[in-house]
Amino acid sequence: QVQLVESGGGLVQAGGSLTRSCAASESIFSINFMGWYRQPPGKQRELVASSASGGATNYAEFVKGRFTISRDNAKNTVYLQMNSLEPEDTAVYYCDAWKRLRRYWGQGTQVTVSS
């Protein structure tokens, strides 16, 4: 079972930046996909960005050019660098991982962007 521990959320002003981290309990080489989702208030959870073990990345249209997903294999950690944050980015952000057809979630952390 893969355990994911997130860190790096909080409050930021519009136009600011935050970096989210997601540390896995095992080598991320063995994890097929890792990614970030978010759930804005009153809305469904939606994909933000994903990263495959082979290096391919995928982004939601609403974050392209502003957010970057990256992996540090030595630290078994995936990051989400969020720049040019907007109030519409306010949400609970979750890390997820897929391994052998099983999905795992981090605990989720609130990100609030004030105008």
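Computed quantities for the displayed model
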read-out	value
Estimated FRET transfer efficiency when R0 is 22 angstrom, pair Arg100-Thr19 (beta carbons, to 0.05)	0.15
Loop-exposed trypsin sites (Lys or Arg not before Pro) per DSSP, neighbour cap 16 Cβ within 10 angstrom, longest uninterrupted part of the chain	1-42
Cβ-placed point charges (K, R +1; D, E -1), dipole of the chain about Cα centre in debye, nearest 20	340
For the chain, built as a Gaussian network whose Cα springs stay under 10 Å, the top-fluctuating residue of Glu86, Glu61, Glu26	Glu61
Cubic angstrom per residue, convex hull over Cα atoms of the chain	94
Descending principal axes extents, the stretch 63-102, alpha-carbon based, whole Å	35, 22, 15
Cα-projected label distance for Gln110 with Phe62, points at 7 Å along beta-carbon direction, nm	1.9
Within the accessible area of the chain (1.4 Å probe), percent carbon and sulfur	48
Dmax and Rg, reported as Rg then Dmax, of the stretch 21-64 (C-alpha, Å)	12.1, 35
Rounded accessible area per residue of the chain, 1.4 Å, Å²	52
Relative contact order, percent, the chain [alpha-carbon distance under 8 Å, six or more residues apart]	37
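The values are calculated or read from the model by the stated rules, or taken from the named source; none is laboratory data. Treat the numbers as computed from the prediction; the structure is a model and nothing was measured. Positions of Cβ are generated from backbone atoms using ideal geometry, with glycine treated the same way; all protein chains shown enter the neighbour counts. Just so you know, the surface numbers come from the protein's heavy atoms only, side chains and all, with ligands and any DNA or RNA stripped out. Shrake-Rupley method; radii C 1.70, N 1.55, O 1.52, S 1.80 Å.
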